[in-house]
Amino acid sequence: DSGHCLLGVRSAKADSVADIRIFDTSGKTIKDNPYRLTKGWFPEGFSSFICVPLVFGSEWEVRLFLWDLPLNKVNRTTVRAAADISGRLGPMIFAAALQQHLSSRASAEERGRLARELHDGIMQSLVAMDMKIEVNLKKLDAHESDPVFKGMVSVQQVLRGEVSNLRELIQHNRRTEIGPTRL
């Protein structure tokens with residue numbers, strides 16, 4: 001329950017795991033213990049713990065454990081302080097994760113937009129230039145030994161290589177993560 005904070009001290013009894021006290025986030029004691037904790041959950045070597053909820057928006061909820069506090073700090077005041085810190089950290093962590101996600105998504109969309117612009121603009125122009133060179137080479141009544149013919153063939157080869165490189169760049173930048181809701 002994200003409204004519960006726990007405070008536990010290892011019990012001196014051999015058959016018991018820990019003496020646990022439960023509070024709400026304001027520090028008020030909750031009488032009924034809804035938690036059934038087995039022996040194995042409390043690590044050996046630790047004498048105490050405080051457990052507070054750490055909530056990230058409405059999507060994630062985890063528990064923050066502080067283990068082995070000095071016995072004079074295992075009290076309701078420390079639980080309230082830990083719950084307050086957790087309450088302040090949760091929204092900050094969630095905002096940072098959300099910002100990173102949105103930034104990543106914006107970058108992917110920008111790469112896709114750039115790839116479309118390259119394809120619709122520069123790529124189209126380069127292909128058109130290649131076609132014009134091909135037409136002019138066919139019109140040119142020259143042999144392969146003619147320096148003008150050789151120069152145009154050389155330019156066409158460079159142009160075709162750049163078109164190929166640009167296609168690879170466009171394909172690489174178009175790859176964006178699309179979830180089922182965006183299809």
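Every number in this text was worked out from the coordinates using simple rules, so none of it is lab data. Treat the numbers as computed from the prediction; the structure is a model and nothing was measured. Cβ coordinates were reconstructed from backbone atoms using ideal geometry, including for glycine residues, and neighbour counts include every protein chain displayed.
Helix 124-139: angle to the longest alpha-carbon principal axis of the chain, degrees 0 to 90, nearest 10?
Long axis of 124-139 versus the principal axis of the chain: about 20 degrees.
Between segment 52-106 and segment 121-152, what is the C-alpha centre distance in whole Å?
Centre-to-centre (Cα) distance: 66 Å.
Between Leu169 and Ser145, take the C-beta separation as r, use R0 = 30 Å, and let me know the FRET efficiency to the nearest 0.05. Numbers along the way, then the final one.
Details: r = 36 Å, r/R0 = 1.20.
Efficiency at R0 = 30 Å is approximately 0.25.
Along segment 155-163, what does the Karplus equation 6.51 cos²θ - 1.76 cosθ + 1.60 (θ = phi - 60°) give for ³J(HN,Hα), rounded to whole Hz, x for Gly and Pro?
4, 5, 5, 4, 4, 5, x, 5, 4
Which label belongs to the value computed from this structure, given these candidates for mean projected area of the Cα convex hull in nm²: [x] 19.1; [y] 12.4; [z] 9.7?
[x]
Return the FRET efficiency for the residue pair Arg88, Gln124: r is the Cβ-Cβ distance, R0 is 35 Å, and the value is rounded to the nearest 0.05. Please report the intermediate quantities before stating the final value.
Numbers: r = 54 Å, r/R0 = 1.54.
Step by step, r from the Cβ atoms, then E = 0.05.
Between Glu117 and Val62, what is the spin-label point distance in nm, taking each point 7 Å from the Cα along the Cα→C-beta axis?
Distance between label points: 3.9 nm.
Hey, what number do you get for the chain at 222 nm if only DSSP H runs of n ≥ 4 count, each worth -39500 (n - 2.57), divided across all residues, to the nearest 500?
Working: 3 runs with 86 residues, N = 183.
Dividing the helical sum by the residues of the chain leaves -17000 deg cm²/dmol.
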